[in-house]
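Below is one structure, written out as structure tokens; comments come after it.
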Amino acid sequence: MSSFRNGNRVALIMINIFLSPIYIFSQKPFLSLSALNDSADHYLPRLLEKRALVSSASAYVTETRNQFLPAVRFNDQVNIATDNSTAGSYYSYGIIPSASSGVRAANDYQAASGNLAVLFGEYDLIDFGYKNARINYAKSEQAFSQSDLQREMYILHGRICRAYFNLMISEARMAVEKETVKRYDTIFNIIRALTMSGIKPGSDSSLAKAELSKSRITYNQLDEQAKNDREEISYLTGITTERIVADSNLMSIAKRKEIIQMPADTFANPLLEYFASLNKVFLSNERLISKSYLPKISLTAASWARGSSIVYDDQYKSIPEGLGYQRFNYLAGISFQYDLFNGLHKKDRLKTFGFEREASELELKQQQISLASAARQAQNSIDINEKNLLELPIQYKSAVDTYNQKIAQYKAGIITLIDLTNAAFVLDRSLNDYAGTMGDWWLAQLDKAIAIGNLAGFIQSIQ
């Protein structure tokens, strides 16, 4: 058992030594995930748009408060008109000009001047909680805008992390494939020397050359994938692709032990908080609807001054005499307003918005179920990859031993080229399995962190 563990330890060391080209491949200074996310937070127009909406919601709270200040309006009008009227009542539709006095036997089309100034004030003394309901609704909208911003940032950070890990995997596989190209190039040179000496047939040389070309094609495909990953990160962060390099140290098996396992943070998870805030908006809107149909008691006051070129005994004076103020009045009172059908209107509106609130509660519940399932699936993937990481040293050690043995046997003419290329393929696969398994482990950790609401802590733990 001791020798088996020692063999695994040696194999792990051999893997890290063999994968040293991965680290050499990434010697350029790399930007941490925190730095990339910070750059995205201040660059991406989508986030700047969300921030503007948050500022708008904050301004709306202030606007709502100021709407309940006393209303004080001043109006002054100077007119030249005729003054012909008749007795009787009518509804004013807003476009019928007013004429006072002027009730006489015949029309008089002589023009007269008039001047009217009015100062009117109104303040709601008692609104039965309507003011607070309006302000609380505005605050809930503000909180929802903030949660929408946090959710957008959370999703963006997760997307950057995923692209970053994909880039890390692509760069690791490129380094492996680079060594694969060298290995097949060495095999090709050996075969060519043996072919030229007449020991091996020329077909072996052609087959080796085909395998070498295939490895180069694979390398080019991985290079394309890495470029696309860099481009996505650049698109999200505004950082040029030349500066984007993944931290190759994360491919070390030892590095994964530094990850801090954090508990789920279901209350602060932006993916849940968004729907919880939306539900609060509907609740506050229901309260606002209830309050908006209650009575309103208002204090009103007014004073006005009036002048006219028509004096009290229906005599027309000169136009300038009507431009000054001749009569002054004031008025103060308390008004009570209530629509007798408000109870029915309130019931109808509450029923409509009640279904919307119920729908938002179900959305929140659905999101909770989805995230819980995603967390369990991510943990299953982590557990499987942990087991696979224990098997990789065995696979790699056996692959190296087999490859070295087959090289010697091929030179001695004991085996065919197919046996040698199979051994080379197994060795390449073991290294690619290592890169893929480590990458899958990181992606599973990312999925779990996103699902449990601890993405920020996860990012900080890998710096």
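We did not get these values from a lab; they are worked out from the coordinates using the rules stated. Because the structure is a prediction, the values reported are computed rather than measured. Because the Cβ atoms are built from the backbone with ideal geometry, glycine has one as well, and the counts that use them run over all protein chains shown.
Compared with the rule-of-thumb size 2.2 N^0.38 Å for a compact globular protein, the stretch 33-87 has a Cα radius of gyration ratio of 2.59. Between helix 417-452 and the chain there is an angle of about 30 degrees, using the helix long axis and the longest principal axis of the Cα atoms. Put in line by how crowded their Cβ is, counting other Cβ atoms within 10 Å and starting with the fewest, 410, 43 read 43, 410.
Relative to the Cα centre, the charge distribution of the chain, modelled as +1 at Lys and Arg Cβ and -1 at Asp and Glu Cβ, gives a dipole magnitude of about 1180 debye.
Note on the chain: Kirkwood hydrodynamic radius from all Cα pairs is 30.2 Å, rounded to one decimal.
Amide hydrogen proximity for residue 296: with H placed 1.01 Å from N in the peptide plane, the residues at 5 or more positions away or on another chain lying under 5 Å are 337. Computed log10 I(q)/I(0) for the stretch 207-251 at 0.18, 0.20, 0.26, 0.28 Å⁻¹: -0.65, -0.72, -0.90, -0.95, from the Debye equation with unit scatterers placed on every C-alpha and solvent omitted. Less than 5 angstrom separates the built amide H of residue 112 from those of 81, 82, all sequence-distant by 5 or more or on a different chain. Can you list the lysines whose alpha carbon sits under 18 Å from that of residue 227, skipping same-chain ones fewer than 8 residues off? Excluding near neighbours in sequence, the set is 28, 178. Pairs with C-alpha atoms separated by more than 28 Å, drawn from the list 131/347; 50/346; 182/448, are 50/346; 182/448. Altogether, the Stokes-Einstein calculation at 37 °C and 0.692 mPa s, with the Kirkwood radius of the stretch 268-354 over Cα pairs as Rh, returns a diffusion coefficient of 178 µm²/s. Working note: Karplus 6.51/-1.76/1.60 with θ = phi - 60° gives the stretch 76-91 the couplings 9, 9, 10, 10, 10, 7, 7, 9, 10, 9, 8, 5, x, 9, 7, 7 Hz, where Gly and Pro are set to x.
Counted by neighbouring Cβ atoms within 10 Å, the residues 123, 396 run from fewest to most as 123, 396. With the simple spin-label model, which puts each label point 7 Å out from Cα in the Cβ direction, the residue 429 to residue 56 separation comes to 5.7 nm. Couplings 3J(HN,Hα) for the stretch 321-337, derived from phi with the Karplus relation 6.51 cos²θ - 1.76 cosθ + 1.60 (θ = phi - 60°), are 5, x, 7, x, 9, 10, 10, 10, 9, 9, 8, 9, x, 10, 10, 10, 10 Hz, where x marks Gly and Pro. Dividing the summed helix terms, -39500 (n - 2.57) for each DSSP H run of n ≥ 4, by the number of residues in the chain produces a 222 nm estimate of -23000 deg cm²/dmol to the nearest 500. Highest mean packing first, where packing is the average number of other Cβ atoms within 10 Å per residue, the peptides 55-66, 108-119 line up as 108-119, 55-66. The residues 443, 340, 420, when put in order of fewest to most other Cβ atoms within 10 Å, stand as 340, 443, 420. Could you tell me how many degrees, from 0 to 90 and to the nearest 10, lie between the Cα long axis of helix 342-411 and the main elongation axis, the longest principal axis, of the Cα atoms of the chain? Once rounded, the angle reads 10 degrees. Evaluating 6.51 cos²θ - 1.76 cosθ + 1.60 at θ = phi - 60° for every residue in the stretch 312-319, the Karplus couplings come out as 4, 9, 6, 9, 8, 9, 5, 4 Hz, glycine and proline recorded as x. Quick one: plug the Kirkwood hydrodynamic radius of the stretch 424-463 (C-alpha pairs) into Stokes-Einstein at 20 °C, 1.002 mPa s, and report D in µm²/s. For the chosen part, D equals 187 µm²/s.
Using the reciprocal of the averaged 1/r over all distinct C-alpha pairs, how large is the Kirkwood radius of the stretch 305-463 in Å? Answer for the stretch 305-463: a Kirkwood hydrodynamic radius of 25.1 Å. Amide H contacts of residue 85 (H built 1.01 Å from N, in plane; Pro and chain starts excluded): 103, 104 sit under 5 Å, all sequence-distant by 5 or more or on other chains.
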